[in-house]
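Novice: Provided herewith is a single structure, encoded as structure tokens, for subsequent inquiry.
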Amino acid sequence: HNQSLVDKFVNMADLTATLLGCQNPDPAIRGQAEQALVTAENTSYAEFAKALAAELSVEGKDLTVRQLAGIHFKNLLVAKDDTLQASKHDKWKATDAATRAAIKSLLLNSLRSSESIARHTAAQACSEVAAVELPFGEWPEFLPTLMENVTLAEIPDGVKISSLECLGFTCERIAMLEGAPDIAPATTDQMLTTIVDGIRADRPSPIRLAAASALRNSLLFTRKNMENKNERDMIMQTICEATQSPDAKVRAASYDCIVQIAYQYYDKLQDYMQTLFQLTFATIKSDEENVASQAIEFWSTLCEEEIELQFEMLDFTERGVQPPRECVRYVAAALEHLTPLLTEALTKQDEDADLDDETWNLSMAGATCLSLVASTVEDLIVPVVMPFVHQHIKSENWRFREAATMAFSSILDGPSMKVIGPYVNQSVPVLLAALSDPHVMVKDTTAWTIGRICELHVRAIPEETFPTLVNGLMGKLLTESPRVSSQACFALHNLAAAFAGDEAAETTGTNALSSYMQSLLQTLLQVADRGDADENNLRIAAFEAISVLIQNSAPDCRPLLLQFLPAMVDRLGKSFHMKVLTNEEKELKEGSQGLLCGLIQVIALKITKEDLVPCADAIMTNLLQVLQVKNATCHEEAFSAISAICTQLEADFEKYMAALQPFLMMGLSNFEAYHVCSIAVGLVGDIARNIEAKIQPYCNDIMSALMHALQNQTFHRSVKPPLLSCFGDIALAIGAGFEPYVQVSLMMLMQASQTRAPDDDEELFDYVNQLREGILEAYTGIFQGLKDGNRVEILLPYVEAITGFLELIAADENPDVEVLSKSAGLLGDIANSLGSRVKEQLSKPFVNSILKEAHELGDQSTMETCTWANGEIQRAIRT
């Protein structure tokens, strides 16, 4: 049957009908058609691919069919998953050369179709093949054909556009592919020549637009061309000329190229900055919004580059090394001219913008850029922006009032406290008054600005203003729109966060929040119950503010928390009886349950064990019920709350273990929602530390779940370090009881310790350090636990491998501080546990180098560990 199906397709007698069948509203017909295509792909890939390319190329055929054929062909080569992507490419490469050549010829013909839909689809299909073949120097006809299409006068404009689109798609796809070889310089030269020809001033706008988009994507490969001054001049001149096109889309696409050049080639900008100053300033001032926003984006990108360069310079200077790149400080040089353009852009607000959507407009672009400028030039921004703020903060025109407030909030992060502090001090009464402004956007921005002040400069708020500030914000929680109330919650959240680590409260028993705590908690709970609380994240903002208020409450608020906790448990209990008819209601119910679990966690950690015990049964009953809800966020929050209960109840938590165990197993095997798995792993560690040996009856199941997780292919790597560390927690808890798990857990640890990171992969480098920390914590716990259980000698056969791992760490040129410190501790534990039996391994030179390097870190606790470890090692060697 399969073969006859393929024969039909190859003869194209039935392919048309099957492609149309994929669009049929009848699910049975649609399913049958889709299955037929899958079968054809699996049983006769080469013939099927050729049949699709042929179907796309037939002029006069139904356009829907041609488009479907092209899209289906493209999908033969595309996958979101890297592994699947590689296997699709391998399948194409394994197709015989003659068939591939025939298919490519059909695709290039389709690129010259008289129908724009067919051309556009062919451009996508061609680019997928080119992305597979060009990096390997194959398909030599591809670029010359495209070049001909673009440069020959007799070729229609539509074909030129599709050819340039095809080049742009090709560059984009090659850039996305993992591990593709670098493109040969001759290939990028041909690409650039074609694109630059398309962007010429005498070309029609649609061609220039396609060329500008292609150029942006090609910049990822043109380092060699940008290094050559003549070629660079030609590229820059072409783009700069295109910013003057009569077509706004071409102008915007040209600025998009300039943004990309600022990002990738900052070091090459010097010769062109005078021109770019003039072009961008004129555009920001007078061009239409989407073009002006792109010109602002150029300055935002320059800021980001210069901020990074300043950090780099600081880092290299501290290490006494010459920085490899120079920060030219273009932003500081442009400050006097750029800032007035940005503050003017702030006055171009869009009143109707729905902030829940992916809205982007000129005033937002201006505010973002101004914030970045402030972070780049720091104190220099203040005298340039403050005159605008003073002049307009009380303007008759709401646009100027809002712009002045936004300008002030945009420069709060960057300048020093010494320079911005006095302005913050004066601003608070003005801003509090503006919370009652008649215009919603002014109120919204004012509340946001107060929130930023509370976050960044709380020390600059005058003490006498504090009551007015709290009451002013509280007064906006129930009466204002969700948008303004949400900002008021954000401000209260930041105000409360400023009291973190307030040591004075511990001695005096109170802080400035205490007298408002009851009103704030009650009002914020009412906010969470508002009918419109799911707009503008209002409910979440209210719960987050409650959470931070409780975390940073002073000891005199304890009686209030003791009333608050049962009320929250009661709320959680009642939530299970909420009627749910729609998906929205289900999300609301589960969202509230997650937020309530979060609050229970925070309160549980704030009160004493004695306070918690009377409520513990009710809390655990409700939390276990939350774990029956099929919602990953609820599970995260419930497990986190259970961790807090466990930490407080210590050994008494054991009474809940039998009921918790099945949910814990479920969490440990939730590989899809890996955050849940990670928190469940953390909970196992907390249980082991708190109930100690009483965890023993549950260990077979727990260890089996942990092993299963480590062996699962879909297991997220971020959970691996805490999971390995968990072995140590369990070993410490059960001592000699860990013996049945020693062999399998040490095999896992030794396997994990083989993981390396290439020097140029910073993300993987950080991960390997986290992994090493987890491994070291596990070994430490296993040594200590088995020593306490008098069974440490069973580790002797593994010492060689473990010290080999430590030797590997010692050889690291850039050792991680935590890894070094834990390595020193583990060496001490090995010496302390096994004594003279490991003197040979402890006499190796790497042992001293770890202790010396760790000691030189200068951290008090690490230095004490090194001194202790050195003593244990000397004792073991001398014995």
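Novice: Any residue at all in the range 388-396 that's at pLDDT below 90, on the phi < 0 side of the Ramachandran plot and in contact with a Pro (Cβ under 9 Å, 6 or more places away or on another chain)? First the steps, then the outcome.
Specialist: Going residue by residue through the range 388-396, those that are at pLDDT below 90 are none.
No: the range 388-396 contains no residue that is at pLDDT below 90, on the phi < 0 side of the Ramachandran plot and in contact with a Pro (Cβ under 9 Å, 6 or more places away or on another chain).
Novice: Okay, moving on. So Ile546 ticks every box in (1) farther than 20 Å from Ala498 by Cβ; (2) within 30 Å of the chain's Cα centre (by Cα) but one. Which box is left unticked?
Specialist: It fails just one condition, (1).
Novice: Which members of the range 137-155 meet the condition of being part of a loop (DSSP other than H, G, I, E, B) and either touching a residue at least 12 places away in the same chain (Cβ under 8 Å) or not hydrophobic (A, V, I, L, M, F, W, C) (or both)? Walk me through it before giving the result.
Specialist: We begin by selecting, within the range 137-155, every residue part of a loop (DSSP other than H, G, I, E, B); these are 137-141, 152-155.
Within the range 137-155, Gly137, Glu138, Trp139, Pro140, Glu141, Glu154, Ile155 meet the criteria.
Novice: Answer yes or no: is there a residue in the range 585-603 that is among the basic types (Lys, Arg) and in contact (Cβ under 8 Å) with a residue 24 or more places away in the chain.
Specialist: First, the residues of the range 585-603 that are among the basic types (Lys, Arg): 586, 589.
Filter once more, keeping what is in contact (Cβ under 8 Å) with a residue 24 or more places away in the chain: none.
Within the range 585-603, not a single residue is among the basic types (Lys, Arg) and in contact (Cβ under 8 Å) with a residue 24 or more places away in the chain.
Novice: Now a separate question. So, restricting to helices (runs of 4 or more DSSP H) that lie completely within the range 804-879, which ones have at least 3 residues that are among the hydrophobic types (A, V, I, L, M, F, W, C) and free of Cβ contacts under 8 Å to residues at least 60 places away in the same chain? Walk me through it before giving the result.
Specialist: Working: elements: 817-834, 839-842, 845-855, 860-878.
Filter on the range 804-879 gives 817-834, 845-855, 860-878.
Novice: Another question about this same structure. Quick one: how many residues across the range 738-777 are within 18 Å of Cys726 (Cβ to Cβ), open to solvent by 30 Å² or more (accessible area, probe 1.4 Å) and not in a helix (DSSP H, G or I)?
Specialist: Result for the range 738-777: 1.
For (1) assigned to a helix (DSSP H, G or I); (2) open to solvent by 10 Å² or more (accessible area, probe 1.4 Å); (3) hydroxyl-bearing (Ser, Thr, Tyr); (4) closer than 22 Å to Ala242 by Cα, each residue gets a yes or a no:
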| residue | (1), (2), (3), (4) |
| --- | --- |
| Ser105 | yes, yes, yes, no |
| Ala118 | yes, no, no, no |
| Ala125 | yes, no, no, no |
| Pro135 | yes, yes, no, no |
| Lys160 | yes, no, no, yes |
| Cys166 | yes, no, no, yes |
| Glu172 | yes, yes, no, yes |
| Asp189 | yes, yes, no, yes |
| Ala201 | no, yes, no, yes |
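Novice: Can you spot a residue in the range 575-596 that is farther than 30 Å from Pro462 by Cα, assigned to a helix (DSSP H, G or I) and either over 35 Å from the mean Cα position of the chain (by Cα) or among the basic types (Lys, Arg) (or both)?
Specialist: Step one: of the range 575-596, the residues farther than 30 Å from Pro462 by Cα are 575-596.
Applying the additional criterion that residues be assigned to a helix (DSSP H, G or I) yields 575, 583-596.
Of the ones still in play, those that are also either over 35 Å from the mean Cα position of the chain (by Cα) or among the basic types (Lys, Arg) (or both) are 586, 589.
The answer is yes; a qualifying residue exists.
Novice: Being assigned to a helix (DSSP H, G or I), basic (Lys, Arg) and open to solvent by 30 Å² or more (accessible area, probe 1.4 Å) is the filter; apply it to the range 203-225 and report the residue that is nearest to Asp81 (Cα to Cα). Even if it seems obvious, please write down each step before you answer.
Specialist: Within the range 203-225, the first condition is being assigned to a helix (DSSP H, G or I), and the residues that meet it are 205-221, 223-225.
Among the residues that remain, those that are also basic (Lys, Arg) are: 208, 216, 223-224.
When the remaining residues are screened for being open to solvent by 30 Å² or more (accessible area, probe 1.4 Å), the result is 216, 223-224.
Working: Arg216: 25, Arg223: 28, Lys224: 31 Å.
Among residues in the range 203-225 that are assigned to a helix (DSSP H, G or I), basic (Lys, Arg) and open to solvent by 30 Å² or more (accessible area, probe 1.4 Å), the one nearest to Asp81 (Cα to Cα) is Arg216.
Novice: So, restricting to helices (runs of 4 or more DSSP H) that lie completely within the range 487-562, which ones have at least 3 residues that are out of contact with any helix residue (DSSP H, G or I) (no Cβ under 8 Å at 6 or more places or on another chain)?
Specialist: In the range 487-562, 503-508 are the helices (runs of 4 or more DSSP H) which contain 3 or more residues that are out of contact with any helix residue (DSSP H, G or I) (no Cβ under 8 Å at 6 or more places or on another chain).
Novice: Go through (1) open to solvent by less than 50 Å² (accessible area, probe 1.4 Å); (2) over 41 Å from the mean Cα position of the chain (by Cα); (3) under 21 Å from Ser162 (Cβ atoms) for Thr18 and report which single condition fails.
Specialist: With (1) open to solvent by less than 50 Å² (accessible area, probe 1.4 Å); (2) over 41 Å from the mean Cα position of the chain (by Cα); (3) under 21 Å from Ser162 (Cβ atoms) applied to Thr18, the lone miss is (3).
Novice: Which is open to solvent by less than 10 Å² (accessible area, probe 1.4 Å) and free of Cβ contacts under 8 Å to residues at least 60 places away in the same chain, of Leu525, Leu513, Leu562?
Specialist: On the way: Leu525 fails: open to solvent by less than 10 Å² (accessible area, probe 1.4 Å); Leu562 fails: open to solvent by less than 10 Å² (accessible area, probe 1.4 Å).
After ruling out the rest, the residue left standing is Leu513.
Novice: Among the candidates Leu796, Leu786, which residue alone is farther than 26 Å from Glu762 by Cα, of a type in the set (A, V, I, L, M) and surrounded by fewer than 21 Cβ atoms within 10 Å (Cβ to Cβ)?
Specialist: Working: Leu786 fails: surrounded by fewer than 21 Cβ atoms within 10 Å (Cβ to Cβ).
One residue alone meets the criteria, Leu796.
Novice: In this structure, is Leu764 of a type in the set (A, V, I, L, M) and either at positive phi or out of contact with any Leu (no Cβ under 9 Å at 6 or more places or on another chain) (or both)?
Specialist: Details: of a type in the set (A, V, I, L, M): yes; either at positive phi or out of contact with any Leu (no Cβ under 9 Å at 6 or more places or on another chain) (or both): yes.
Taking the combined requirement at face value, the residue satisfies it.
Novice: Could you run through the range 388-403 and say how many residues are closer than 20 Å to Ala460 by Cα and in a helix (DSSP H, G or I)? Quick ask: steps written out before the conclusion?
Specialist: Initially, the range 388-403 is screened for residues closer than 20 Å to Ala460 by Cα, giving 389-390, 393.
Imposing the further condition that a residue be in a helix (DSSP H, G or I) reduces the set to 389-390.
Qualifying residue count, the range 388-403: 2.
Novice: Residues being open to solvent by 20 Å² or more (accessible area, probe 1.4 Å) and either out of contact with any helix residue (DSSP H, G or I) (no Cβ under 7 Å at 6 or more places or on another chain) or not in a helix (DSSP H, G or I) (or both): count how many of those fall in the range 33-63.
Specialist: Number satisfying all stated conditions: 9.
Novice: Scan the range 160-169 and give yes if some residue there is farther than 19 Å from Pro206 by Cβ and acidic (Asp, Glu), otherwise no. It would help to see each step written out before you state the result.
Specialist: Start the filter on the range 160-169 by keeping residues that are farther than 19 Å from Pro206 by Cβ, which leaves none.
The answer is no; no qualifying residue exists.
Novice: Further question: Can you name every residue in the range 107-116 that is among the hydroxyl-bearing types (Ser, Thr, Tyr) and open to solvent by 60 Å² or more (accessible area, probe 1.4 Å)?
Specialist: Start the filter on the range 107-116 by keeping residues that are among the hydroxyl-bearing types (Ser, Thr, Tyr), which leaves 110, 113-114, 116.
The answer is Ser114, Ser116.
Novice: Tell me which residues, restricted to the range 434-455, are of a type in the set (Val, Ile, Thr) and more than 29 Å from the chain's Cα centre (by Cα). Working first, answer last.
Specialist: Kept after step one, since they are of a type in the set (Val, Ile, Thr), are these residues of the range 434-455: 440, 442, 445-446, 449-450, 453.
Val440, Val442, listed by residue number.
Novice: Which condition breaks for Asp182 when tested against (1) buried (at least 16 other Cβ atoms within 10 Å of the Cβ); (2) within 32 Å of the chain's Cα centre (by Cα)?
Specialist: Unmet for Asp182, out of (1) buried (at least 16 other Cβ atoms within 10 Å of the Cβ); (2) within 32 Å of the chain's Cα centre (by Cα): (1).
Novice: Could you please let me know if Thr368 is touching a residue at least 12 places away in the same chain (Cβ under 8 Å), farther than 26 Å from Arg483 by Cβ and hydroxyl-bearing (Ser, Thr, Tyr)?
Specialist: On the way: touching a residue at least 12 places away in the same chain (Cβ under 8 Å): yes; farther than 26 Å from Arg483 by Cβ: no; hydroxyl-bearing (Ser, Thr, Tyr): yes.
Here the answer is no, as Thr368 does not meet what is asked.
The values are calculated or read from the model by the stated rules, or taken from the named source; none is laboratory data. Values in this document were obtained by computation on a predicted structure and should not be read as measured data. Positions of Cβ are generated from backbone atoms using ideal geometry, with glycine treated the same way; all protein chains shown enter the neighbour counts. The protein model used for the area step is the full one, side chains on, heavy atoms only, and it has no ligands, DNA or RNA in it. Shrake-Rupley method; radii C 1.70, N 1.55, O 1.52, S 1.80 Å.
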